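Report on the following structure.
Taken together, the values in this text are just the output of simple stated rules run on the coordinates, not laboratory data. Only a predicted model underlies this, so the values are computations on that prediction, with no experimental measurement involved.
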């Protein structure tokens, strides 16, 4: 696989997003179509190509956040065959770790963080942070609270787990408060997962 940017591949990337919006059963399939109009809002797209085909991608986000904040591994996607191929491989050769190494290099000096929705996925995100730290000498750690990642929305999944190296200047709530506000959110998440696996 080769890591590349959007330069010279804009049409290929748009075609990929369109194809995914029409055919993908990925759990994140609801954001492929909006990305066709919004992908230029993001700072830097990283594409992984295999035999000249885009097989994975992710970006960096600064919009909607304080000026010095950068969310890494935003809008991450792997083709299913790539996800399966790299199960059990050393972390440094997985798509996310290849991409995040580059993202770390170009965001030095910024308040960098990675987020993941649903409180019960905090340990999965913590493990991601541990891998990044081991490979890159960083100091990402799981924050105690959930942070609002979309300012103008109050859906349960916009309050997300975060790993970061520093404190983050986003609105936050405790995990217990989240469960109080959104008592049916677990069922919503389960329905989404079942829909996408069918």
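In percent, what relative contact order does the chain have, based on Cα pairs under 8 Å that are 6 or more apart in sequence? All intermediate terms of the calculation are to be shown ahead of the outcome.
Numbers: 281 pairs, mean separation 32.3, N = 198.
Taking the mean separation of contacting Cα pairs over the length of the chain, I get 16 percent.
Please give the contour-minus-distance gain from residue 41 to residue 133: 0.36 nm per residue of separation, less the Cα-Cα distance, rounded to one decimal in nm.
30.3 nm
So how much slack lies between residue 154 and residue 105, counting 0.36 nm per residue of separation and subtracting their Cα-Cα distance, in nm?
14.4 nm
Show that you can apply the helix-only estimate: for the chain, add -39,500 (n - 2.57) for every DSSP H stretch of four or more residues, divide by all residues, and state [θ] at 222 nm to the nearest 500.
On the way: 7 runs with 74 residues, N = 198.
Helix contribution divided over all residues of the chain: -11000 deg cm²/dmol.
What length, rounded to one decimal in nm, is gained on full extension from residue 19 through to residue 93, with 0.36 nm per residue of separation minus their alpha-carbon distance?
Numbers: separation 74, 0.36 × 74 = 26.64 nm, distance 2.62 nm.
Value of the extension gain: 24.0 nm.
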